[in-house]
Every structure is written in C-alpha cells, then in structure tokens.
Amino acid sequence: MGPRARRRMAIEFRGFRLRINAEKARTIMTGVWALAALWLGLALIASLLSIWFRISTALSEIVVGTIAQLIIGAVIGSAVLGTDESWVKFLSGIGAIVLTFLAGAELDPVVFKLKWKEAAAVGLASFFFPFIGCAAAAYYLLGWEPMPSWLAGVAMSTTSVAVVYAVMLEHGFNVTEYGKTVLAACFVTDLGTVVALGLIFAPFTMKTLIFLGVGVVVFVILPWLTPRFFRLYGNRPSELETKFLLFCLLGMGALATWADSEAVLPAYLIGMVLAGTVGKDHALIRRLRTLTFGLLTPFYFIRAGSFVSIPDLVAAPAAFLFFFVVKVGTKIVGVYPVTKFYNSPNREAMYTTLLMSTGLTFGTISSLFGLSHGIINQGQYSALVATVIASAVIPTVIANAFYLPRHLLPKAGSESLPAGDEGKAARPLLSGQAE
C-alpha cells in the first residue's frame, strides 16, 4: 500500500471517528433535553397543584418530587429521574444559593435593628431546643452512638430559609416587618446549625481562617462597591447586575465549599449586607425571582423531594415518626413561649412557631455530611432526611390552613414598611401590621 492510499485511509478513519463522536454527542444531548423537559414538566404540574390546592409552590414541588421518584422508579427505574446528573446538581445547588441570597436581601436593616432581640431570641430557641432534645432522644431512647446522636440534633435543629422565604413571598409577608423579622430569626437558627456542625464534626483549619478572612473583606467591601458599580454600568440589556451578583455568590460559594463549609451560608450573608442597596432595587429583585423560581428552584425542591423513599418509610416508620414528633415538639416548646413573651397573639405565635419548625436545606446538608463521612449509616440517613422533608411540608400546610395571620397580610400595592418611628419597637413580636 502506497503513501497516498495510507493517507486516504487515515482521513477516512478520522472522518468515521468524527461521525461516531457526533452521533454520541447527539444521543447525549437528546437525553439531556428530554430529562430537562421531564423536570420542567414536573415543575409545571407542581405549580398547577399549588394553584388548585392553594398551597406553597415549594411544598408542591417537594411532594411531586417524592411521588415522581416513586412512580418512575417503579415503572422504569430510579435512575431515569437523573437526580445524580452533574447538571441537575448544579441547577439545584445554584437554585438554593440564589434563593438564600434573595431571602437575605429581604432583610430590612432598620427593621432588624429594631427587632434584633426578638429575632435572636426566636432563632436561638428554635436552634437549641431541638438540637439538645433530638440529640438526647436519639442517644437515650433510640440507642444511637454519641456522634450519630449529635448529628441528628444538628440536622433536626434547622429552619429552612428556602421554604420560609417561598411561603413569605407567596403571601406577601416578605415586604412586611413581620416577614423580615421571621427571616432574620431563620438566619440565626441556621447560623447556629452551621457553627454546631463545624465545631463538633469539622476541624478548624487554615482553610477556615482563609474563608473567614476573605469573607470579612468581601462583606465589608460589597455594600460600598455594589451601588457605585451598578450606577456606572447598570441598567443595560446585558444584565450586568445579575452577572455581578452571580459571580460574587458562586465565588464565595466555591471558597466556602473549599473550606468545608456550605455555599448557602455566604449567600445569605451577601444578601444581608446588600439588603440596603440591592434589596431596594425592586426591578432587579423581580428579575432575579423570575430566574430563580422559573428555572432554578424547581430543580432544588423536586430533587429534595426525590430523596424520600416511601417504601423504606412504610417498612420502618418508627425512627421517622419519632424524629418528626420530637423535632416539632421541641420547636413548639422552645419557640412558642418566646413569641408569647413578646406579646404575639395566639394565631401569630403558632404560625411563627410552625414556620420555624420547617427544615430542608441545612437539614439535608447535615445528614448528607454525616453519611459521606461515615458518622451515620444509610438507615439513619433515610430516617433523618425523611424527617427533614416532612418537616418542610406538614408544619407549613398546617400553618397556612389554620393559623395564617391574615391581619398581617400586606394591602394591595404596599411595599416595604418605611424606616421609622421608635413606636415600632413597642409593637408585639414579629408584628408587621401598619399603624
């Protein structure tokens, strides 16, 4: 065979390989588009269910994720839903990050300054009572080892900022003094969870120091830099503001993950420090909400719901029911008296207590941390995650059905309450009612 024939064969072979690779790429992308259509179809069904049954979209997405995993897993196979696909994990993770940022941006610095005692008291009670109570119950009543028991206490102590913010947004509480104070209390609770998880299970290393140092610098500079940067280059079709915020959120999220923390924690802090600037740009917040609730959070909530294995719970429901009762019970014992101490009416006090009983993001993160580090086994993990998911649904449904404080609902067209009078400080705890 001459050189010309060998070159021709080599060219034909390369062309054949390119055709095979192109066919593989088309097959892979067909699967990606089909899976994305499936997930957004489930999100559409969840939205319709939320409208028909008058429940939060976040809760309906969790339930749809649980049922979809059960049905699709039984008919076709559990892998069809693709919850472990890297791009699904990415969209789910960035959904949690941006949603947590938006929750932080809703905090009004003036309201927090007036209500910090109430928010801190509710948040600390919401953390310590279930943390100690669930850890003790797991150790003394279920016979778990000490470290799994402490992890159970951490996982059960959380309050879901994502769920609470979604509920607040749906009812309009996010623009009221009441809603802003509840969100601040959620932050205090989850901060306690992150600190406990770090102190008990994660070593304090040089990475932690670097993360804290960079975080302090970023949190100090952003409130000064952001409004000036937006004034110079913002309000353009390129949506520079959104790109800048996503750059900050993902950059700090990467640093937090590198330091063995969680990406949603700096997202909440960035939202808090920018609440006085970005939080007041209603057009920008509306665009971010469109991106978040239209595309990102359905992946987060549906994926969270898919972690619940109904057959496992039916086969061994005792641990799940036990933790659910203990978690909600200790939340009520801890939070309700604090809200009454600050003169909340009964309906408002119970509504706040039930919202603080929800769990999702940090609860699943803590449980997964324990499983991946060998602290808990698969059975303990399933019980904890099922409890966390159930606590995101059941308390919120009960709260909205029976304890919704309609007197605190904002009137049509109302915006955030103005900064104000010293008289606001004398209002009952978490009350957002205008004078």
Checklist outcome for this item: Here the qualifying pairs (Cβ atoms under 8 Å; residues six or more apart or on different chains; first in the range 221-249 and within 17 Å of Gly279 (Cβ to Cβ); second part of a helix (DSSP H, G or I) and among the small types (Gly, Ala, Ser)) come out as Leu249/Ala267
Checklist entry - Looking only at the range 296-310, which residues are at pLDDT below 80 and either among the polar types (S, T, N, Q) or surrounded by fewer than 21 Cβ atoms within 10 Å (Cβ to Cβ) (or both)? => result Phe307, Ser309, Ile310
Next on the checklist: Which condition from (1) surrounded by 15 or more Cβ atoms within 10 Å (Cβ to Cβ); (2) farther than 24 Å from Val397 by Cα is the one that Val75 breaks?
Outcome noted: (1)
Next on the checklist: Among the residues in the range 180-200, are any buried (at least 24 other Cβ atoms within 10 Å of the Cβ) and without any contact (Cβ under 8 Å) to a residue 40 or more places away in the chain?
Outcome noted: no
Item to check | Conditions (1) at pLDDT below 90; (2) over 28 Å from Ala119 (Cα atoms); (3) buried (at least 17 other Cβ atoms within 10 Å of the Cβ): number failed by Val314 | outcome: (3)
Item to check | Members of the range 366-384 found to be within 19 Å of the chain's Cα centre (by Cα), surrounded by 23 or more Cβ atoms within 10 Å (Cβ to Cβ) and either farther than 15 Å from Ser149 by Cβ or of a type in the set (A, V, I, L, M, F, W, C) (or both), listed by number | outcome: Leu384
Item to check | Evaluation of Leu91 against (1) modelled with pLDDT of 75 or more; (2) exposed (fewer than 11 other Cβ atoms within 10 Å of the Cβ); (3) farther than 30 Å from Val314 by Cβ (one fails), failing number | outcome: (2)
Checklist entry - Here are Leu265, Leu225, Leu250: which of them is buried (at least 18 other Cβ atoms within 10 Å of the Cβ) and either closer than 20 Å to Asp108 by Cα or under 22 Å from the mean Cα position of the chain (by Cα) (or both)? => result Leu265
Item to check | So Val175, is it within 21 Å of the chain's Cα centre (by Cα), surrounded by fewer than 24 Cβ atoms within 10 Å (Cβ to Cβ) and free of Cβ contacts under 8 Å to residues at least 40 places away in the same chain | outcome: no
Next on the checklist: List pairs: first residue in the range 23-46 and farther than 16 Å from Trp87 by Cβ, second residue part of a helix (DSSP H, G or I) and of a type in the set (S, T, N, Q) anywhere in the structure, Cβ distance under 6 angstrom, at least six positions apart or on different chains.
Outcome noted: Ala46/Ser60
Next on the checklist: Being over 22 Å from Ala254 (Cα atoms), in contact with a Cys (Cβ under 6 Å, 6 or more places away or on another chain) and either outside any helix (DSSP H, G or I) or not hydroxyl-bearing (Ser, Thr, Tyr) (or both): is that true of Val314 here?
Outcome noted: no
Checklist entry - For the range 350-366, how many residues are β-branched (Val, Ile, Thr) and either farther than 13 Å from Pro395 by Cβ or without any contact (Cβ under 8 Å) to a residue 40 or more places away in the chain (or both)? => result 4
Checklist entry - Can you name the number of the only condition in (1) in a loop (DSSP other than H, G, I, E, B); (2) touching a residue at least 40 places away in the same chain (Cβ under 8 Å) that Gly374 fails? => result (2)
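Quick grid of which residues meet (1) assigned to a loop (DSSP other than H, G, I, E, B); (2) within 21 Å of the chain's Cα centre (by Cα); (3) among the hydrophobic types (A, V, I, L, M, F, W, C):
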| site | (1), (2), (3) |
| --- | --- |
| Lys331 | no, yes, no |
| Asn343 | yes, no, no |
| Arg347 | no, no, no |
| Tyr351 | no, yes, no |
| Gly359 | yes, yes, no |
Next on the checklist: If a residue must be among the hydrophobic types (A, V, I, L, M, F, W, C) and over 19 Å from Ser382 (Cβ atoms), how many such residues does the range 134-168 contain?
Outcome noted: 8
Next on the checklist: Any residue that is under 30 Å from Ala68 (Cα atoms), surrounded by 17 or more Cβ atoms within 10 Å (Cβ to Cβ), at pLDDT below 90 and over 22 Å from the mean Cα position of the chain (by Cα) - is there at least one of those in the range 317-324?
Outcome noted: yes
Next on the checklist: Go through the range 239-261 and report how many residues are aliphatic (A, V, I, L, M), over 13 Å from Val98 (Cβ atoms) and assigned to a helix (DSSP H, G or I).
Outcome noted: 4
Checklist entry - Hey, any hits in the range 102-113 for a residue that's at pLDDT 85 or above, exposed (fewer than 15 other Cβ atoms within 10 Å of the Cβ), among the charged types (D, E, K, R) and over 20 Å from Gly253 (Cβ atoms)? => result no
Next on the checklist: Any residue that is more than 21 Å from the chain's Cα centre (by Cα) and of a type in the set (Phe, Trp, Tyr) - is there at least one of those in the range 182-203?
Outcome noted: yes
Checklist outcome for this item: Selection from the range 191-209 of residues more than 13 Å from Val122 (Cβ to Cβ), of a type outside the set (A, V, I, L, M, F, W, C) and either assigned to a helix (DSSP H, G or I) or in contact with a helix residue (DSSP H, G or I) (Cβ under 9 Å, 6 or more places away or on another chain) (or both) yields Thr193, Gly198, Lys207, Thr208
Next on the checklist: Any residue at all in the range 49-56 that's out of contact with any helix residue (DSSP H, G or I) (no Cβ under 9 Å at 6 or more places or on another chain) and at pLDDT below 75?
Outcome noted: no
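The values are calculated or read from the model by the stated rules, or taken from the named source; none is laboratory data. Nothing here was measured: the structure is a model prediction, and the numbers come from that model. Cβ sites come from the backbone with ideal geometry, for glycine too, and all protein chains shown count toward neighbours.
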